[in-house]
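Read the structure below first, then the notes.
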Amino acid sequence: MTGPKSIISTLQRHGALWPLVALGLIWLVIIIVNPGFFAFTIQDGRVFGGVIDIFNRGAPVALIAIGMSLVIATGGIDLSVGAVMAIAGAVAANLIVGTDLPAPLIILAGLGAGLAAGLLNGTLVAGFGIQPIVATLILLVAGRGVAQLLNDGQIITFQNEAFAFVGVGTLLGLPMPVWLVLFVLAAMLLITRRTALGLFVEAVGANASASHYAGVPVRAIKLTVYAIAGLCAALAGLVATADIQGADANNVGLWIELDAILAVVIGGTSLMGGRYSLVLAVVGALIIQSLNTAVVLSGIPPKFNLVIKSAVIVAVLMLQSPVAQAQLASLRRRFTA
Amino acid sequence: MKQLITLIVSAIAIAGCGSGSSEGGADDQLTVGFSQVGSESGWRTSFTQAVQAEARDRGIDLKFSDAQQKQENQIRAVRSFIAQGVDAIVIAPVVETGWKPVLTEAKRAGIPVVIVDRNMALEDDSLYLTRVASDFVEEGRKAGRWLMEETGGDCDIVELQGTVGATAAIDRMTGFNEVIANYPDAEIVMTQTADFTRARGKEIMETFLRAMDPADICAVWAHNDEMALGAVIAMKEAGIDPGDDILVVSVDAVPDIFKAMADGDTNATVELSPHMGGPAFDAIEAHLRGESVEKLISVNGDLFTQETAAEEYQKRTAG
């Protein structure tokens, strides 16, 4: 029983149908406005093509969305991810310019900064019981300031091929950011499925006090998810910084927390917590990036960009809403009956 | 947070007072308060430094206040300048609206105000002495004229626009389009906003290169240097030689673009002049001598090409 119908119903059971339909429709629009966009070519051992561009460009949002999914699943939220990107980028750029450290150590230092930021968020939320939106708002505001301070208000540019590889390198024909997303996704799936972490995360999000009484280490789980979100954001920051070989503390990751939250929501994760899908969060990030690309390719004047983006996203979210789903189900019943 | 800012601002004000009185004695020394937007870009920093250098050269006691992109900080700074009884106030406003009350206070105190860089929306032009600003339209024209001369008026251009709605983006586009309208073979084939940032400049350029045959693109016209630098990275990654295969022209003249020009990666930039301090102080001095001052003083920057790039880069990074 693996006919098209059963595939559709499997996808539907996992909430994956509508995000994939939306992604497919956006790609269809892209093919209509620019038929050559998805053509694959291989040049200097690197595969070029529209799909790869979208994956590559969507990588920072996808990376952050993976971490954000876990945070949201515990009923929290992390607004500081964009600022953490800026800090990680600033730390890396300053180390490259100011020291002779090898690239791997610089990458570790950047990730370390993100981990520290995540632990700070986690401590405020889990240790002091501050509401997540407030706790991470502190770093949203102050974090970018820290990055600007590190950069002395300038854009720090650098020449370091080993570090730039994180953003522009090619491995087995694919851009490095794409591999990083796949690697982080696989690692997180493994950690959440093969250990109890995934179950605990959902339990904390569904009912924190019940979980506590059932013996789930609620505080440790919350601390862990914010730390993971910080690490993911730092990795995204390193990718973005390596991409332009410069740390632009004012602009890197600006408003990306909103795109990441949106990606998670488009993927069907509830902001109330207790239910999440890492794979669909990445699909959500691809939807957002595909929309960006479609708008650029369509040649519509830039002042319409945001309006078009929001109209499409409203449509996607409405299709996924329980009300619309119930309507669709009753329509289907009428047709099949 | 607010209290902290108040504390910092008043600390700056007090520090300003202190240094003023310690230099003391020279009663004829001009004291000018300068409220700057912040230090959000390389250009803004050179602007601040240019004003400070100009004040030093003229022996003006400049009280500097960094508003960190917040109008409330600027208003507080202006009030503290008034309380200190400065001779004049220079404001580089963050936003256009909401200035009437505080400027009225300055007017009552008899302190002339000069607006520099961005504009203020004021119906009553007696509230300020003069405005010193760059002519963005002329910058666009200069970029357009250079490109048309370089290509003989035959060029398919891709445009990287600044932030949607920003005066600099709208006016530079207007000036550029005005020039190329005279050349039937010159055309903007693709255009998109890249928000004045390097990262978006790279991303949009990548998409342009994917959407059309790079061999059909004659030039990139970017509303600022940062986006041009992003586009350069995108072209290099696609195996295109920027500056040769595709010409690059932009506006601002930040130090990094001179390095790129010296390396042959971009071709020309129009300077967004950071030297607005001179004309502002000229106007203040003229006003205090009792002369009348024009309500708008335009500052025009020059166009720089690869020929002088290496020299300019050294000059601009040394100081």
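The values are calculated or read from the model by the stated rules, or taken from the named source; none is laboratory data. If you're wondering where the values come from, they're calculated on a predicted model, not measured in any experiment. Neighbour counts run over all protein chains shown; Cβ positions are idealised from the backbone, glycine included. Heads up: the accessible areas ignore ligands, DNA and RNA and are worked out on the full protein's heavy atoms, side chains in. Shrake-Rupley method; radii C 1.70, N 1.55, O 1.52, S 1.80 Å.
Inspection of region B:194-212 finds a residue satisfying the criterion of being more than 26 Å from A:Leu238 (Cβ to Cβ) and open to solvent by 10 Å² or more (accessible area, probe 1.4 Å).
Every condition in (1) within 20 Å of A:Ile244 (Cβ to Cβ); (2) not in a helix (DSSP H, G or I) holds for A:Gly76 except the one numbered (1). Report yes if B:Gly162 is assigned by TED's automatic domain parsing to the domain that holds B:Asn224, in contact (Cβ under 8 Å) with a residue 24 or more places away in the chain and touching a strand residue (DSSP E or B) at 6+ places or on another chain (Cβ under 8 Å), otherwise no. Here the answer is yes, as B:Gly162 does meet what is asked.
Checking every residue in region B:125-133 against the condition of being hydroxyl-bearing (Ser, Thr, Tyr), under 26 Å from B:Thr269 (Cα atoms) and away from chain A (no Cβ under 14 Å) gives zero matches. Checked against the criteria, A:Ala164 counts as closer than 23 Å to A:Leu105 by Cβ and in a helix (DSSP H, G or I). Among the residues making up region A:56-102, those that are within 13 Å of chain B (Cβ to nearest Cβ) and open to solvent by 10 Å² or more (accessible area, probe 1.4 Å) are A:Asn56, A:Arg57, A:Pro60, A:Val61. Candidates B:Ile188, B:Ile217, B:Ile246: the one that is open to solvent by 10 Å² or more (accessible area, probe 1.4 Å), over 18 Å from A:Asn251 (Cβ atoms) and more than 10 Å from chain A (Cβ to nearest Cβ) is B:Ile188.
Just one of the numbered conditions (1) within 14 Å of chain B (Cβ to nearest Cβ); (2) under 20 Å from the mean Cα position of the chain (by Cα); (3) surrounded by fewer than 18 Cβ atoms within 10 Å (Cβ to Cβ) is not true of A:Val314: (1). Screening the candidates A:Ala22, A:Ala88, A:Ala93 for the property of being in contact with a strand residue (DSSP E or B) (Cβ under 8 Å, 6 or more places away or on another chain) and either modelled with pLDDT of 95 or more or assigned to a helix (DSSP H, G or I) (or both) yields one hit, A:Ala93.
Tally time: how many residues in region B:31-59 are among the aliphatic types (A, V, I, L, M), under 26 Å from B:Glu72 (Cα atoms) and more than 13 Å from the chain's Cα centre (by Cα)?
Number of matching residues: 2.
Return the residues of region A:283-300 that are open to solvent by less than 10 Å² (accessible area, probe 1.4 Å) and under 11 Å from the mean Cα position of the chain (by Cα); say none if nothing qualifies. Once the filter is applied, which keeps residues that are open to solvent by less than 10 Å² (accessible area, probe 1.4 Å) and under 11 Å from the mean Cα position of the chain (by Cα), region A:283-300 yields A:Gly284, A:Ala285, A:Ile288.
Per-residue answers, yes or no, for (1) within 29 Å of A:Leu124 (Cβ to Cβ); (2) part of a loop (DSSP other than H, G, I, E, B); (3) among the aliphatic types (A, V, I, L, M):
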| residue | (1), (2), (3) |
| --- | --- |
| A:Ala210 | yes, no, yes |
| A:Thr224 | yes, no, no |
| A:Ile228 | yes, no, yes |
| A:Val239 | yes, no, yes |
| A:Ala242 | no, no, yes |
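Residue pairs whose Cβ atoms lie under 7 Å apart, sitting 6 or more positions apart in sequence or on different chains, and linking a residue in region B:107-130 that is at positive phi to a partner that is modelled with pLDDT under 95 and open to solvent by less than 20 Å² (accessible area, probe 1.4 Å), are B:Asp117/B:Ala92; B:Asp117/B:Ala133; B:Asp117/B:Met276. Just wondering, is there one or more residues in region A:293-305 that are among the basic types (Lys, Arg), out of contact with any Leu (no Cβ under 8 Å at 6 or more places or on another chain) and without any contact (Cβ under 8 Å) to a residue 60 or more places away in the chain? Within region A:293-305 (the criterion being among the basic types (Lys, Arg), out of contact with any Leu (no Cβ under 8 Å at 6 or more places or on another chain) and without any contact (Cβ under 8 Å) to a residue 60 or more places away in the chain), the answer is yes, since at least one residue qualifies.
Of the residues making up region A:36-47, not a single one is outside any loop (DSSP other than H, G, I, E, B), buried (at least 19 other Cβ atoms within 10 Å of the Cβ) and within 12 Å of another protein chain (Cβ to nearest Cβ). Candidates in region A:129-158 are the residues that are more than 11 Å from every other protein chain (Cβ to nearest Cβ) and outside any helix (DSSP H, G or I); of these, the one that is farthest from A:Ile256 (Cα to Cα) is A:Gly129. Taken as a whole, region B:48-62 holds at least one residue that is modelled with pLDDT of 80 or more and within 14 Å of another protein chain (Cβ to nearest Cβ). List, please: which pairs have Cβ atoms under 9 Å, are six or more places apart or on different chains, and start with a residue in region B:191-202 that is more than 7 Å from chain A (Cβ to nearest Cβ) and end with one that is small (Gly, Ala, Ser) and open to solvent by 10 Å² or more (accessible area, probe 1.4 Å)? The qualifying pairs are B:Thr191/A:Gly299; B:Phe196/B:Ser41; B:Phe196/B:Ala166; B:Phe196/B:Ala168.
Among the residues of region B:222-236, write down those that are more than 18 Å from the chain's Cα centre (by Cα) and either surrounded by 18 or more Cβ atoms within 10 Å (Cβ to Cβ) or not charged (D, E, K, R) (or both). Those that are more than 18 Å from the chain's Cα centre (by Cα) and either surrounded by 18 or more Cβ atoms within 10 Å (Cβ to Cβ) or not charged (D, E, K, R) (or both): B:Gly230, B:Ala231, B:Val232, B:Ile233, B:Ala234, B:Met235.
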